[in-house]
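These notes are about the structure you will find just below.
The values are calculated or read from the model by the stated rules, or taken from the named source; none is laboratory data. Predicted, not measured: the structure shown is a model, and the values here were computed from it. Note: ideal-geometry Cβ built from the backbone for every residue, glycine included; neighbour counts use all protein chains shown. For the accessible areas, the whole protein counts, side chains as well, though only heavy atoms, and no ligand, DNA or RNA atoms are used. Shrake-Rupley method; radii C 1.70, N 1.55, O 1.52, S 1.80 Å.
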Amino acid sequence: MSNSSAEIDVLSYFRGKVDRYDEVDQQVYWRLSDTLLWETLSGKSLDSFEPGFSFLDAGGGTGRWATRVLDSYPQARGWLVDLSEDMLAVAEGKRTGDRAGRFTTVRGDLEKLPDEITGQRFDVIFNFHNVIGFLDDPLEALRGLAALLNPGGHLITLAPSLYHSTYFNLANGRFDEAERAVREQRATFTEGMPPLRLFTPHQLTGMYEEIGCPVEVLTGFPSVIYPTFQETQIEGTGQSVEKILGTPEGFQRVLDIERGLVDAPDVAARGNNIFVVGRKR
Ligand SMILES: C[S@@+](CC[C@H](N)C(=O)[O-])C[C@H]1O[C@@H](n2cnc3c(N)ncnc32)[C@H](O)[C@@H]1O
């Protein structure tokens with residue numbers, strides 16, 4: 001597979017992160033975010049399918065989410081596709097025990113899906129944590145994924161928010177990046193990362209409509225506490241985050257507040273990430 005220069009930047013960025021990527025679980029902010037993502041994924045989507053449902057983790061990286069789904073839904077079968085051999089090698093290492101016969105990892109580009117993936121049909125396809133932000137043409141990539149869904153299947157995206165990126169960059173003194181976010185709908189969060197395409201809830205809803213997967217769930221989280229620079233790093237917790245989430249009681253209270261807001265019709269625009277479920281017609 002030959003890669004464009006933008007893809008080479010993405011590959012080298014994740015090569016630098018891969019060794020400690022899964023340690024994100026140790027940062028309290030991401031534990032909050034992951035708890036909300038898992039509850040929303042399972043409650044609003046996975047629980048509604050037959051136990052033997054099939055899923056594709058698109059841009060699945062090290063397999064954090066694919067393995068969680070396989071472990072929690074022991075009859076489910078999962079595929080994971082990712083551009084990065086480095087990330088994929090970690091995911092492949094998790095094809096163990098009870099997962100081994102139910103988990104397939106494939107190297108491939110979401111903008112030009114490989115035959116091993118296009119030959120399958122899925123009940124659920126999800127892409128989490130900035131994946132569609134790295135793509136040249138997210139609409140076409142989502143269209144390609146939607147084509148692989150069984151009728152009634154779910155296409156789920158967790159996408160970086162234009163509004164959050166603008167706020168985050170200003171909060172970190174990065175005026176140029178905040179301006180670029182608004183001007184180009186593209187920005188970095190830190191030095192050295194490839195620029196990410198950014199989204200609004202309205203745009204995602206329109207994209208989903210256009211590809212024949214009208215949105216059934218639109219939300220965003222975390223929506224009442226935002227990460228600091230420290231949360232973009234592989235370890236550490238920012239002072240403002242520590243102050244609020246640093247005790248078990250604080251964590252639980254914020255989690256309950258977030259849970260209380262997850263169904264609010266306009267909360268998506270406040271989320272650090274925007275979460276969308278569309279159902280294929
Ligand atoms: C921030 S990671 C998220 C990984 C995983 N979804 C998660 O939530 O843990 C983004 C992933 O997108 C993958 N990616 C970026 N561009 C891609 C493309 N064009 N095709 C497939 N995967 C891509 C990267 O290799 C990386 O593993």
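Note on the chain: with charges restricted to the Cβ of Lys and Arg (+1) and Asp and Glu (-1), its dipole about the Cα centre is near 360 debye. Protein heavy-atom surface of the chain, 1.4 angstrom probe: 50% of the accessible area is carbon and sulfur, with nucleic acids and ligands not counted.
Kindly provide the helix-only [θ] at 222 nm of the chain, computed as the sum of -39,500 (n - 2.57) over DSSP H runs of four or more divided by all residues, to the nearest 500 deg cm²/dmol? Provide the component values of the computation, followed by the final result.
On the way: 11 runs with 111 residues, N = 281.
Rounded to the nearest 500, it is -11500 deg cm²/dmol.
When the Gaussian network model of the chain links Cα atoms closer than 10 Å, the mean-square fluctuations of ARG143, ARG174, ARG183 top out at ARG183.
For region 110-221, count all C-alpha to C-alpha pairs, find those more than 19 Å apart, and express that count as a whole percent of the total. That fraction is 48 percent. Straight-line reach from LYS17: taking Cα to Cα under 18 Å and skipping same-chain neighbours fewer than 8 places apart, the aspartates and glutamates in range are GLU7, ASP9, ASP25, ASP82, GLU85, ASP86, GLU92, GLU191, GLU231, GLU235. Could you tell me the calculated FRET efficiency between GLU23 and ASN172, based on Cβ-Cβ distance and R0 = 30 angstrom, to the nearest 0.05? So, using R0 = 30 Å, E works out to roughly 0.85.
If Lys and Arg each add +1 and Asp and Glu each add -1, what is the summed charge of the other residues whose beta carbon sits under 15 Å from the beta carbon of LEU170? Walk me through the numbers before you get to the answer.
On the way: positive: ARG174, ARG180, ARG183; negative: ASP176, GLU177, GLU179.
Residues near LEU170 contribute 0 overall.
For the chain, what Kirkwood radius comes out of the mean inverse Cα-Cα distance, in Å? Please list the in-between numbers first.
Details: mean 1/r = 0.0524 Å⁻¹.
Every distinct Cα pair counted, the radius reaches 19.1 Å.
Assuming R0 = 22 Å, what is the FRET efficiency of GLN230 and GLU179, from their Cβ-Cβ distance, to the nearest 0.05?
Details: r = 24 Å, r/R0 = 1.08.
Once rounded, the FRET efficiency stands at 0.40.
Basic side chains Lys and Arg get +1 at the Cβ, acidic Asp and Glu get -1 at the Cβ, and with that the dipole of region 150-212 about its Cα centre reaches some 60 debye. Inter-label distance, HIS202 to ALA89: 4.5 nm, where each label sits 7 Å from its Cα along the C-beta direction. Accessible area per residue for region 1-114 is 44 Å², calculated with a 1.4 Å probe on protein heavy atoms, without ligands, DNA or RNA. In straight-distance terms, cross-link reach from LYS112 covers every one of the lysines whose alpha-carbon lies under 23 Å from its own, apart from those fewer than eight places away in the same chain; here that gives LYS280.
For the chain, modelled as a GNM whose springs connect Cα atoms under 10 angstrom apart, the maximal fluctuation among SER165, SER48, SER223 occurs at SER48. Could you please report the charge total around THR232, scoring K, R as +1 and D, E as -1 over all other residues with beta-carbon less than 14 angstrom from its beta-carbon? Once all neighbours under 14 Å are counted, the net charge is -2.
With contacts defined as alpha carbon pairs under 8 Å and 6 or more residues apart, what's the relative contact order of the chain in percent? Intermediate values should be presented prior to the final figure.
On the way: 504 pairs, mean separation 57.3, N = 281.
Contact order relative to length: 20 percent.
Beta bridges assigned by DSSP with both partners in the chain are antiparallel in approximately 45 percent of cases. Hull volume per residue, based on the alpha-carbon atoms of region 1-143 and their convex hull, is 116 Å³.
Normalising by residue count, region 156-277 has a Cα convex hull of 111 Å³ per residue. Comparing ALA268, ALA146, ALA76, which has the greatest mean-square fluctuation in the GNM of the chain with Cα pairs linked when under 10 Å apart? Top of the fluctuation ranking is ALA76.
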